[in-house]
1. For segment 48-59, does any single residue satisfy the condition of being over 29 Å from THR3 (Cα atoms), among the hydrophobic types (A, V, I, L, M, F, W, C) and surrounded by fewer than 17 Cβ atoms within 10 Å (Cβ to Cβ)?
2. Is one or more of the residues making up segment 36-49 touching a residue at least 12 places away in the same chain (Cβ under 8 Å) and of a type in the set (A, V, I, L, M, F, W, C)?
3. Just checking, does segment 28-51 include any residue being part of a helix (DSSP H, G or I), within 22 Å of CYS86 (Cβ to Cβ) and touching a Cys at 6+ places or on another chain (Cβ under 6 Å)?
4. Of all residues in segment 64-101 being small (Gly, Ala, Ser) and within 24 Å of VAL20 (Cα to Cα), which is surrounded by the most Cβ atoms within 10 Å (Cβ to Cβ)?
Amino acid sequence: MITALKIIFGVLLAWMCYTVISTCLESNLFKEWDFLGSIPWMRATLWDFYANVAVIFIWVCYKEKSIFFKILWLIFLVCLGSIASCAYVLIQLFRLKPGEGLKEFFSKNG
């Protein structure tokens, strides 16, 4: 199960990096912002994004001891979105020792 999750989140991370980079090369968000901000679904998508950031950040706060890393991950989550989410999950998965499973994955670090 852990190996499958590593593959899934690795693929998601690679896909999101590709999607963001290729979109940046095609379109400038700052030039398009006035138009995008006027679309109701874009505003709803942004609210949805930040609600998800809050949920993931609560888990990060539970897992991380250091206030520095909590703040750093908040910045990453806000600025990078699902790229940071996938990276955080992958880091947590690779921190697991052989034989550990989802129980240890979701529990607080020792």
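1. Scanning segment 48-59 turns up no residue that is over 29 Å from THR3 (Cα atoms), among the hydrophobic types (A, V, I, L, M, F, W, C) and surrounded by fewer than 17 Cβ atoms within 10 Å (Cβ to Cβ).
2. Yes, there is a match, as at least one residue in segment 36-49 is touching a residue at least 12 places away in the same chain (Cβ under 8 Å) and of a type in the set (A, V, I, L, M, F, W, C).
3. Checked segment 28-51: no residue is part of a helix (DSSP H, G or I), within 22 Å of CYS86 (Cβ to Cβ) and touching a Cys at 6+ places or on another chain (Cβ under 6 Å).
4. SER85
Each reported figure results from applying straightforward, stated rules to the coordinates on display, with no laboratory input. Everything numeric here is computed off the predicted structure, so don't read it as measured data. We place every Cβ from the backbone using ideal geometry, glycine too, and count neighbours over all the protein chains shown.
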